[in-house]
1. Which pairs turn up if I take residues in the range 226-244 that are more than 15 Å from ASP202 (Cα to Cα) and look for partners that are of a type in the set (Phe, Trp, Tyr) with beta carbon separation below 9 Å, at least 6 apart in sequence or on another chain?
2. So which residues in the range 265-278 are open to solvent by less than 40 Å² (accessible area, probe 1.4 Å) and outside any helix (DSSP H, G or I), if there are any at all?
3. Across the range 191-215, what is the number of residues that are within 26 Å of ILE264 (Cβ to Cβ) and either of a type in the set (S, T, N, Q) or under 30 Å from the mean Cα position of the chain (by Cα) (or both)?
4. How many residues does the range 196-206 contain that are surrounded by fewer than 19 Cβ atoms within 10 Å (Cβ to Cβ) and not small (Gly, Ala, Ser)?
5. Can you find a residue in the range 244-259 that is buried (at least 19 other Cβ atoms within 10 Å of the Cβ) and assigned to a loop (DSSP other than H, G, I, E, B)?
6. Looking at the range 207-243 only, could you name the residues that are of a type outside the set (Ser, Thr, Tyr), in contact with a helix residue (DSSP H, G or I) (Cβ under 6 Å, 6 or more places away or on another chain) and crowded, with 20+ Cβ neighbours inside 10 Å?
Amino acid sequence: MEAGTALLRDFLPSDPRRLRLRLRLHRRRPGPAFLRSVRASSSPPGQYRGPQPKRDLVADWVPNNDGTVRSLPIYVGGASLLAVLFNRAVSGIAPVADASSSQSRADLLTLGLAVTNVLAGLVWLSIRPKSVSAVEPLGVEFRRIRADLPESVVSELLWVWESLSTVTCCRSLVIIYDGHCIMQIGMAAGSSANDGEAEDVDANKLMQGSLYQGIINSKAQSYLANLSLYPGRSELPFLPTNTQAVILQPLGDKGIAVIGGDTIRGFTTSDQTWITYIGEKLDAALAKYVNDSALLKQERF
């Protein structure tokens, strides 16, 4: 206690005037100034200044030099064969392989690896991915919409066609619903009479086929990515002869939409999902029209 009192006396002056003067000086003493550092940017305004993505030089070089990369095992294998023969000739070892010699065993293993490299290069050169490109459909441009459809349904059908033909590789669209061909639009196969008209869609014949029955029973979309490989191609004579891919989209349990494309595997996964939602929307519009038509017929009778 006495020590604390002595320290307080040493800190506080005994004269009140000195005490007031010291308090005034303490209040006027400026506090520490915090300076804000501003760094000027050398990047021009409006330009991205974040971290730049790293470039993979190997991944960029390989696709641009596909032929060289495929031939590389042949060069490596050939160089290995020449190196083994040169080493055999310079080292003075007998050209006949001796199983008891470690050098001969090493040379045999090297020759086997070199031949394997050469064969791998030949396989790489023989197997090349086939380039897939869009084809021009062989047929006539056609548009047929059922005449007794209301304006709202017609506009819905045209919206579906414009959306599919603009966003996807769709070039032909045929809609069968309630046993009738509701719409046939886009490119169609020419008629057998060669009169410049399109091949008519036989809805009854199509509904009796295995493609239609399989889609209706499974109630799931079917994607024929390469139409020429499927035997069911004969059930779609109204499509152009060189149609590359087809999507068969069920419309509830009363119809189906046949969508023909001009590219093999041209419909992506997102396209297929989107077409599924379009089919549900189209089924709702057509079902409403069919129900309204049935009610009108009942009222007339």
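The values are calculated or read from the model by the stated rules, or taken from the named source; none is laboratory data. This structure is a prediction, so every number in the text was calculated from the model and none was measured. Glycine gets a Cβ as well: all are built from the backbone with ideal geometry, and neighbour counts include every protein chain shown. When the accessible area is computed, the model is the full protein with side chains, heavy atoms only, and any ligands, DNA or RNA have been set aside. Shrake-Rupley method; radii C 1.70, N 1.55, O 1.52, S 1.80 Å.
1. Every condition considered, no pair remains.
2. Those that are open to solvent by less than 40 Å² (accessible area, probe 1.4 Å) and outside any helix (DSSP H, G or I): GLY266, PHE267.
3. Selection size over the range 191-215: 6.
4. Adding up the residues that qualify gives 5.
5. Yes: the range 244-259 contains one or more residues that are buried (at least 19 other Cβ atoms within 10 Å of the Cβ) and assigned to a loop (DSSP other than H, G, I, E, B).
6. Across the range 207-243, the qualifying residue is only LEU211.
For every residue, the table says whether it meets (1) hydroxyl-bearing (Ser, Thr, Tyr); (2) open to solvent by 60 Å² or more (accessible area, probe 1.4 Å); (3) at negative phi.
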residue	(1), (2), (3)
PRO73	no, no, yes
GLY92	no, yes, no
LEU109	no, yes, yes
GLY112	no, no, yes
VAL115	no, yes, yes
